[in-house]
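Below is one structure, written out as structure tokens; the observations come after it.
Just so it is clear, none of the values below were taken in a lab; they were calculated from the coordinates. On a predicted model such as this, the values are computed, not experimentally measured, just so you know. All Cβ positions, glycine included, derive from the backbone under ideal geometry; neighbour counts span all protein chains shown.
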Number of protein chains: 4
Amino acid sequence: MTVRVGIINVTGFAGMEAARLLWNHPEAELVAATGRSLAGQMLGKAFPHLAAYADLPITTDLEQEVDVVFSALPTGASAEVCAPLVEQGLRVIDIAADFRLREPGAFTEWFHEEHPAPELLDRAVYGLADLYASDIAKADLVANPGCYPAATILALAPAVAAGIVVPRVFVDAKSGISGAGRGTGGGFSYSDVNEDVSAYRVADHNHQPEMAQELSRLREETEVAVTFVPHLVPMTRGIHSTCYAPLAESVSQAEVLALYRDFYADVPFTVVSDTAPHTKHTFGSNKCLVFPTVDQRNGALVAVGVLDNLMKGAAGSAIENMNLMSGLPQEAGLDHPALYP
Amino acid sequence: MTVRVGIINVTGFAGMEAARLLWNHPEAELVAATGRSLAGQMLGKAFPHLAAYADLPITTDLEQEVDVVFSALPTGASAEVCAPLVEQGLRVIDIAADFRLREPGAFTEWFHEEHPAPELLDRAVYGLADLYASDIAKADLVANPGCYPAATILALAPAVAAGIVVPRVFVDAKSGISGAGRGTGGGFSYSDVNEDVSAYRVADHNHQPEMAQELSRLREETEVAVTFVPHLVPMTRGIHSTCYAPLAESVSQAEVLALYRDFYADVPFTVVSDTAPHTKHTFGSNKCLVFPTVDQRNGALVAVGVLDNLMKGAAGSAIENMNLMSGLPQEAGLDHPALYP
Amino acid sequence: MTVRVGIINVTGFAGMEAARLLWNHPEAELVAATGRSLAGQMLGKAFPHLAAYADLPITTDLEQEVDVVFSALPTGASAEVCAPLVEQGLRVIDIAADFRLREPGAFTEWFHEEHPAPELLDRAVYGLADLYASDIAKADLVANPGCYPAATILALAPAVAAGIVVPRVFVDAKSGISGAGRGTGGGFSYSDVNEDVSAYRVADHNHQPEMAQELSRLREETEVAVTFVPHLVPMTRGIHSTCYAPLAESVSQAEVLALYRDFYADVPFTVVSDTAPHTKHTFGSNKCLVFPTVDQRNGALVAVGVLDNLMKGAAGSAIENMNLMSGLPQEAGLDHPALYP
Amino acid sequence: MTVRVGIINVTGFAGMEAARLLWNHPEAELVAATGRSLAGQMLGKAFPHLAAYADLPITTDLEQEVDVVFSALPTGASAEVCAPLVEQGLRVIDIAADFRLREPGAFTEWFHEEHPAPELLDRAVYGLADLYASDIAKADLVANPGCYPAATILALAPAVAAGIVVPRVFVDAKSGISGAGRGTGGGFSYSDVNEDVSAYRVADHNHQPEMAQELSRLREETEVAVTFVPHLVPMTRGIHSTCYAPLAESVSQAEVLALYRDFYADVPFTVVSDTAPHTKHTFGSNKCLVFPTVDQRNGALVAVGVLDNLMKGAAGSAIENMNLMSGLPQEAGLDHPALYP
């Protein structure tokens, strides 16, 4: 039986990417899509690349019966809308950051507002399917990971879990401009960001606590300290997270590769690469490519994770979570090669 | 009296950029330019953007009397050509890597060949004018810094010299594609590198020993360990070096900014920024913008340095060195605003 | 029964794009792939975005039994390889230009060599499925259209067929760099073509006779004169063909739109737009968007056609032809929304 | 004696480019700069690439005594501000479109408002220095050409003036995104315009009447009909205008080249190229490269003009006009090679 899906805020990049993926999903169908600014228009008319949805109206509220809801609202607004849906018994996947931090205090510290539904925080499962597939399968509320944390956690998880690195990491991430969202004013105009690289929110980005929290879960009695610096680079999609940590013990390149391969042996979308991966090799796909290197000269691990921020970093991951929550194969609708070049 | 300049290998990006700058230099003139592949053509015909040089032939060897030579040959080939010129009493600026590492053994380790002129290594001065202007002024052989080291050393120098960081740094650098040079085959075709970020030579790039050597010079009895990972990003010019180091003592953001401002108070081309700088703000200029941030949460320094890899990272720096070596004002011919947008 | 497909020269952009599409095709399967330079490697290893093909070897010659062959060889080489395959009774789709021009003399004039298999020219069907679906369904040798002609012919066909324009057209086309192919040396390096627009082969490109021949077929006793100028623009995929022709009679904007809509009413992949279309809205899809405008001030038609040069302009069109030749639904494996942004 | 210059609306791309050029001008100095949104800030602080202007305040109105004013206001607003300045005896260069169309009715038709100062239209000189240098030298009010018209008129002028083409031209122009101006909201965000080509205002752009008017001036009793279609391509700077016209008489490629070379023999900034020129070869320079080709097959002229839209297409041309109006050498402050790559 086809899973009926609703997308809240289909007009952002993550929402429209989920709609794109659902068009080719063999066992799920997009039946409702909301979006305040474009309500009343047909989805296929508002966004010419989604012309296939010629008859699906964008509405103010969800108007069809659905089994699963993706919320692509801004953080803060999202929890407020998700809470009653969870109470109604729907399966909800929150693509915003509302349910990622376990401590209500952490939410307030980083987002400067009270959490709108703190009672649901314990119920939410962190939706990184490569690590928590079985928990996700049982959940009715999933916190879809942030794009930077997804790439970073997958790059570091085997090393942190095995205890081969000192829990003191530096994370230097490079993102394409679509990470800034759609319709985001003058700051991301082509003339300004083309031929430009810049850091922003240096050591002060709200994906830092998410990384620290999730990396610390991976090994008992380990608190991982994270210095995180995001950068914008002139491309549309893609995240390249380069992670640095001192080694806790001496390991060889071959041992680290074997450790990583073993860790991800049964996972469909995280692939261990034996050469430095390219973001372009994940363009439009749900893959995360990870690549660990040992700097023997200085006793450090350099671990790279790359992914498409709108796919594995947002909508692709959401579909993956929907599949698990709905008893579908994890790869359903996601088994597409990357688009290259 | 006008300084007569010759460029060896004007057909690479660094060589042609030096030619561009010399056209508008008030007290120096390009009188000779070599380039094997295009010998016999006029410089202004071979490179339409240099049309002003309609009558300057590209030759196989330097055919005019010159005062100063820029060598933009590949590393290894460069020292061989420079050595006799130094002996003849010319002032030589080597834009290649031949004279940067003080130890002949280090050269062999990183470039896999014997150094062609080890006897000149002691005579060469490291040409980072923001730190060594007076030494450069007295030199007849200058090793022009690498593009990555220039951005990195300028970002870290005040902190290392003051001893406020542990001498264990992680350097994550992002470079535009022109850093790979001109005429470099299929690996850097537009279709492959557009919409792509990738790391390369992870913790194994030959600019690493240059960084380690030069940072270690800045403070007595300090050996700085450097893990260096370069990345290519889809833009033409620009380097963004993001440097991470644990703090050795507690300092505030204001103190670090003051330390940096003080350190660079008398230097024309390195500017301390109080916000995260953009590579685009240095496009076509000789400026290096540096920006230190304290990550108080984790006790770390994040120091950013950005510059145009063909200007302050190559030809601009070479002109600056020529000025100092020739008794001209340091800024002569280099006082151009960046081209924006 | 699944159609077994072989790709000759899978290592070019068109070949690898066909492989990508076949991975998700419901009724066809890639079973053999040749490629001289990478023979012996696994396809999924040679091209990381095609990792799914982990066990498909790249071979020197077709080694599996196949039903359909795509030839993505260079023009000239292609006919030579295709001829014996046609004789063996295989269905052959030539993505090169070998079978597009009906006159052997035209081939010689434009490609400066004798046609290797002139006896097959009459047998070949021009594979523009939006115009010739029923002929293609009966063919065993199809000449896949060039990327520029596909966009241009689809933009002009309704107007030429109806006789509303003077048969004297100016075609100004803009192409992404992938149109130049893979592994094509220094001429298309990122540093040279980024931030650049240039025309090339002005009024002398070998897609001109293809356009003239095919446009002239659309209306009896009409010979269409074509001035064609291609341009390269700094993007990877996409063709935007802007076509200009004097009106032969007075028509309104509404009449022209109605004429176009009527002409393409039953066609799945050519869509008439009522606003100026964007190449980006076809990225990764098999759609061609056409947009006719009447310049009433000067009595002229301006007709725009946009498509993805590797999809509708090459591999997507080839799949479409395979579907028709194999009795499959025309849209099989091609019903993907464009990837945006 | 140094010419004192004021820029009205220094905060747009044309205004800030003029400021950049004036910094290195040997005989002119920027002494005043207005800009409503950033009034009160220092120019060098508001725009980091103009850091050299550390002490020049952005003001609401011109506060210093000036000799020459550049107005970079939006069309309509500009004439209103320029009119009293002309009356005061200042030399005024209007970079907006207010004084380009000679007929007040044409202004109203295209800009949908009454002309604010129709009495000045006769006094204004069209500021294309390659054609009208001596008129400009005597003017006190100059209408700086639009970027598209500058490239187009220079590409076609020799052919139209000589009468070798039928006065019925099709102009297909491609522009970088900076032509859309600074701070222009969501429509030109990187994610939307990267990897995209699109036409806009097809046969309905307000630069069309400017082209038609100016081309018609070049030959007696000739009214030139112009169909003009502008396109946006993903680059920051640059215009490539490709112009098509039927030949009125038979001419050879060599004759056309000779005609063009002769026409521009005494002009510093328009250069006749004998190969298809690249926009990138004009990046940051004041050159316009023109390239005529004869399509002998169809009896047509294809004439290309390329330039940097912020230089020869706006601020560079304004400086050139200022030079002529002030008795300075035409090339003063503009003799810079293009920045490449």
Checklist entry - If amide H atoms are built 1.01 Å from N in the plane of the peptide, which residues on other chains or at least 5 residues away come under 5 Å of the amide H of C:Ile58? => result C:Gly40, C:Gln41, C:Met42, C:Leu43
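Over chain C, what is the percentage of antiparallel beta bridges among all DSSP beta bridges, to the nearest 5? Intermediate results must be reported in sequence, preceding the final value.
Numbers: 25 of 56 bridges.
Approximately 45 percent, going by the DSSP bridge assignments.
Please arrange D:Val306, A:Val256 by how many other C-beta atoms lie within 10 Å of their C-beta, fewest to most.
With the fewest neighbours first, D:Val306, A:Val256 line up as A:Val256, D:Val306.
Name the shape class, rounded, prolate or oblate, that the alpha-carbon gyration tensor gives for chain D, where a ≥ b ≥ c are the square roots of its eigenvalues, rounded holds for a/c under 1.5, and otherwise prolate holds if a/b is larger than b/c and oblate otherwise.
Working: a/c = 1.60, a/b = 1.50, b/c = 1.07.
Cα axes put chain D in the prolate bin.
Counting only other chains, and only Cβ atoms inside 10 Å, what mean value do you get across the residues of A:98-108? Don't jump to the answer; show the numbers that get you there.
On the way: counts 0, 0, 0, 0, 0, 0, 0, 0, 0, 0, 0.
Per residue, the average neighbour count from other chains is 0.
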Item to check | Fraction of antiparallel bridges per DSSP, segment D:246-341 only, in percent to nearest 5 | outcome: 75
Next on the checklist: To make sure I understand the rule: partners must be lysines, Cα under 19 Å from the Cα of A:Lys45, and not fewer than 8 residues away in the same chain. Which ones qualify?
Outcome noted: C:Lys280, C:Lys287
Checklist outcome for this item: Computed over segment C:226-333, the relative contact order (Cα-Cα under 8 Å, seq sep at least six) in percent reads 29
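Below 8 Å between Cα atoms, with a sequence gap of 6+, how large is the relative contact order for chain C in percent?
Details: 790 pairs, mean separation 60.7, N = 341.
Reported relative contact order: 18 percent.
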Checklist entry - What is the set of long-range amide H partners of D:Val92 at a cut-off below 5 Å, with H atoms built 1.01 Å from backbone N? => result D:Val69, D:Leu141, D:Val142
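Looking at segment D:148-309, what % of its DSSP beta bridges pair antiparallel, to the nearest 5? Working shown, then result.
Working: 25 of 36 bridges.
Here the share of antiparallel DSSP bridges comes out near 70 percent.
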Item to check | Packing-based exposure ordering (other Cβ within 10 Å, fewest first) of C:Met1, C:Met325, C:Met235, B:Met42 | outcome: C:Met1, B:Met42, C:Met325, C:Met235
Checklist entry - Over the Cα atoms of segment B:243-313, what Rg and Dmax result, in angstrom? => result 12.8, 38
Next on the checklist: Using a 10 Å cut-off around each Cβ of peptide B:287-298, what is the average number of partner chain Cβ atoms that fall inside?
Outcome noted: 4
Item to check | Nm distances between copies for B:Glu249, ranked from closest, using label points 7 Å along Cα→Cβ | outcome: 3.7, 8.7, 9.1
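Take the Cα atoms of segment D:144-228, build their convex hull, and give its volume per residue in Å³. Kindly include the intermediate steps, with their values, before the conclusion.
Values: hull volume 8.5 nm³, N = 85.
In segment D:144-228, the Cα convex hull volume per residue is 100 Å³.
Per-residue counts of other Cβ atoms within 10 Å, averaged by peptide: what ranking do you get for B:162-171, C:236-245, highest first? Each step should come with its number before you reach the end.
On the way: B:162-171: 22.1, C:236-245: 28.3.
Listed from highest to lowest mean packing, they are C:236-245, B:162-171.
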Checklist entry - Axis carrying A onto D: which residue of A has the nearest Cβ, and how far, whole Å? => result A:Tyr190, 2
Item to check | Degrees, to the nearest 10: B:77-87 long Cα axis against longest axis of chain B | outcome: 70
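Cβ under 12 Å from A:Gly333's Cβ, A:Gly333 left aside: what net charge do those residues give with Lys, Arg +1 and Asp, Glu -1? Numbers along the way, then the final one.
Values: positive: A:Arg20; negative: A:Glu27, A:Glu29, A:Glu320, A:Glu331, A:Asp335.
The answer is -4.
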Item to check | Cα Rg, Dmax, segment B:60-193, angstrom units | outcome: 16.9, 51
Item to check | Table column - 3J(HN,Hα) (Hz), segment B:284-300, Karplus curve with 6.51, -1.76, 1.60, x for Gly and Pro | outcome: x, 10, 9, 7, 10, 9, 10, 8, x, 10, 9, 8, 5, 4, 10, x, 9
Checklist entry - Once amide H atoms are placed 1.01 Å from N in the peptide plane, what residues at a sequence separation of 5 or more from A:Lys174, or on another chain, have their amide H within under 5 Å of its amide H? => result A:His231, A:His240, A:Ser241, A:Thr242
Item to check | Peptide C:274-284, shielding by other chains (average Cβ, 10 Å cutoff) | outcome: 6
Checklist entry - Shortest first, in nm, what separates the label point of D:Gln88 from those of the same position in the other copies (7 Å along Cα→Cβ)? => result 5.9, 6.5, 8.5
Next on the checklist: Once the cut-off is 14 Å, how many percent of the Cα-Cα pairs in segment B:1-78 end up in the long-distance tail?
Outcome noted: 55
Checklist entry - Over the alpha carbons of the protein assembly as shown, what is the largest minus smallest coordinate on each principal axis, giving the biggest first in Å? => result 85, 84, 61
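Cβ under 12 Å from A:Val306's Cβ, A:Val306 left aside: what net charge do those residues give with Lys, Arg +1 and Asp, Glu -1?
Numbers: positive: A:Lys174, A:Arg237, A:Lys280, A:Lys287, A:Lys312; negative: A:Asp308, B:Asp196.
Here the count lands on +3.
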Checklist entry - Shortest first and in nm to one decimal, what separations exist between A:Arg261 and its copies in the other chains, measuring from label points 7 Å along the Cα-to-beta-carbon line? => result 5.5, 6.0, 6.6
Checklist entry - Residue by residue, what Karplus-based ³J(HN,Hα) values in Hz, rounded to whole numbers, does segment A:209-221 have, using 6.51, -1.76 and 1.60 with θ = phi - 60° and x for Gly and Pro? => result x, 5, 4, 4, 4, 6, 5, 5, 5, 7, 8, 4, 6
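Could you work out the relative contact order of segment A:148-309? I mean the mean sequence separation of Cα pairs under 8 Å and 6+ apart, divided by the number of residues, in percent. Walk me through the numbers on the way to the answer.
On the way: 344 pairs, mean separation 52.4, N = 162.
Averaging sequence separation for qualifying contacts and normalising by length gives 32 percent for segment A:148-309.
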Item to check | Phi-based couplings in Hz for segment D:135-142 (Karplus 6.51, -1.76, 1.60; Gly and Pro marked x) | outcome: 5, 4, 4, 9, 7, 10, 9, 10
Item to check | Value of Rg/Rh across segment D:148-309 [Cα atoms, Kirkwood radius] | outcome: 0.98
